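**Student:** One structure, as structure tokens, below. Some questions next.
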Amino acid sequence: MTTVLLLSDIHGNLPALEKTLEDASQRADITSVWVMGDSVGYGAQPNEVVERLRSLPDLAMVKGNHEAAAIGEISIANFNPSAAASAAWTADALTAETRDFLSSLPLTTVQASITLCHGTPRNPIWEYMFTSQTADLNLNHFDTVGCVHGHTHIPSVFGGDASANWQVIQARDADVFQLDYERWFVNPGSVGQPRDGDPRASYALLQIADNVAPRIQFHRVEYNVAKAQDLILDAHLPSTLAFRLSVGR
């Protein structure tokens, strides 16, 4: 059996990432790390986050909308004002090495016969997986049984049967699910900017073994929110990006 650490939406929040890595390493022997995009944006340490991620074993990463905006691949015109300001700041803050690495990331990839993306397989940059209708519309856009994604900042499981009847679950701390569905989508939640009312960093552990459905465990971990907030304010990023970290919204 292998154990994969699932991370998404770190958003330049190094204090949250470090505490997440520490917590995960105490729970399991991590074989691989999969990152579902938006490792930068909003937070004040984009280069440090990317450098830390690149040091992890058997890393697989995909590109999210904030990476794409920071390296100039998409316009920030459709971002809200705070997001647009942070994207512009991040673009200026990136080192050449970080920029080159983010540019090299794919929009989707397949690892261990599981699809990875940021938004959805149909639209990896922009589409949100909030409803079973969206899940239905994505089934013909990837070939694997399962898909791990991010973008909503909400830990979740979408499990479909052979008739595409969906079980939709918002996952909580310590929830465990056997992914024995006909097709499934899972979201580990956001490490660096949760939006489900719980300010603790969110991540998941995926256990993969031969001849058995994968098993996913969701976890939350407290981190030094005040430090992340101070870094945002010291960088003169929009204050709303700091304050929302306290409430998980």
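The values are calculated or read from the model by the stated rules, or taken from the named source; none is laboratory data. As the structure is a prediction and not an experimental result, all values here were calculated from the model. Virtual Cβ from ideal backbone geometry, glycine too; neighbours counted across all protein chains shown. Keep in mind that these areas ignore ligands, DNA and RNA; they rest on the heavy atoms of the full protein, side chains included. Shrake-Rupley method; radii C 1.70, N 1.55, O 1.52, S 1.80 Å.
**Student:** Within region 163-173, identify whether any single residue is under 16 Å from ASP23 (Cβ atoms), open to solvent by 10 Å² or more (accessible area, probe 1.4 Å), in contact with a His (Cβ under 7 Å, 6 or more places away or on another chain) and not aromatic (Phe, Trp, Tyr), and answer yes or no.
**Tutor:** yes
**Student:** Within region 120-133, can one find any residue that is exposed (fewer than 14 other Cβ atoms within 10 Å of the Cβ) and either among the charged types (D, E, K, R) or assigned to a helix (DSSP H, G or I) (or both)?
**Tutor:** yes
**Student:** Among the residues of region 144-158, is there at least one that is closer than 21 Å to TRP34 by Cα and aromatic (Phe, Trp, Tyr)? Spell out how you get there, then give the answer.
**Tutor:** Filtering region 144-158 for residues closer than 21 Å to TRP34 by Cα gives 144-158.
Those still in the list that are aromatic (Phe, Trp, Tyr) too: 158.
Yes, region 144-158 contains a residue that is closer than 21 Å to TRP34 by Cα and aromatic (Phe, Trp, Tyr).
**Student:** Right, next: Go through region 114-153 and report how many residues are on the phi > 0 side of the Ramachandran plot and in contact with a His (Cβ under 8 Å, 6 or more places away or on another chain).
**Tutor:** Of the residues in that region, 1 qualify.
**Student:** Here's a check for you: in region 134-152, which residue that is of a type in the set (A, V, I, L, M) and outside any loop (DSSP other than H, G, I, E, B) is nearest to ALA171 (Cα to Cα)? Walk me through it before giving the result.
**Tutor:** Filtering region 134-152 down to residues of a type in the set (A, V, I, L, M) leaves 135, 137, 139, 145, 148.
Next, only the ones that are outside any loop (DSSP other than H, G, I, E, B) stay: 135, 137, 139, 148.
Values: ALA135: 17, LEU137: 22, LEU139: 22, VAL148: 14 Å.
Restricting to residues being of a type in the set (A, V, I, L, M) and outside any loop (DSSP other than H, G, I, E, B), the top hit is VAL148.
**Student:** Okay, next question. Inside region 202-239, can you point out the residues that are part of a helix (DSSP H, G or I), within 25 Å of VAL33 (Cβ to Cβ) and open to solvent by 40 Å² or more (accessible area, probe 1.4 Å)?
**Tutor:** Passing the criteria: LYS227, LEU231.
**Student:** Applying the selection to region 37-79, what residues are farther than 14 Å from HIS11 by Cβ, more than 14 Å from the chain's Cα centre (by Cα), part of a loop (DSSP other than H, G, I, E, B) and not hydroxyl-bearing (Ser, Thr, Tyr)?
**Tutor:** Once the filter is applied, which keeps residues that are farther than 14 Å from HIS11 by Cβ, more than 14 Å from the chain's Cα centre (by Cα), part of a loop (DSSP other than H, G, I, E, B) and not hydroxyl-bearing (Ser, Thr, Tyr), region 37-79 yields LEU56, PRO57, ASP58, ILE71, GLY72, GLU73, ILE74, ILE76, ALA77, ASN78.
**Student:** Has region 241-249 got any residue that is among the basic types (Lys, Arg), farther than 25 Å from LEU94 by Cβ, in a loop (DSSP other than H, G, I, E, B) and modelled with pLDDT under 95?
**Tutor:** yes
**Student:** Here's something else I'd like to know. Can you tell me which residue in region 1-41 is most open to solvent (accessible area, probe 1.4 Å), limited to those that are in contact with a Pro (Cβ under 8 Å, 6 or more places away or on another chain) and hydrophobic (A, V, I, L, M, F, W, C)?
**Tutor:** Applying the filter and picking the extreme gives ILE30.
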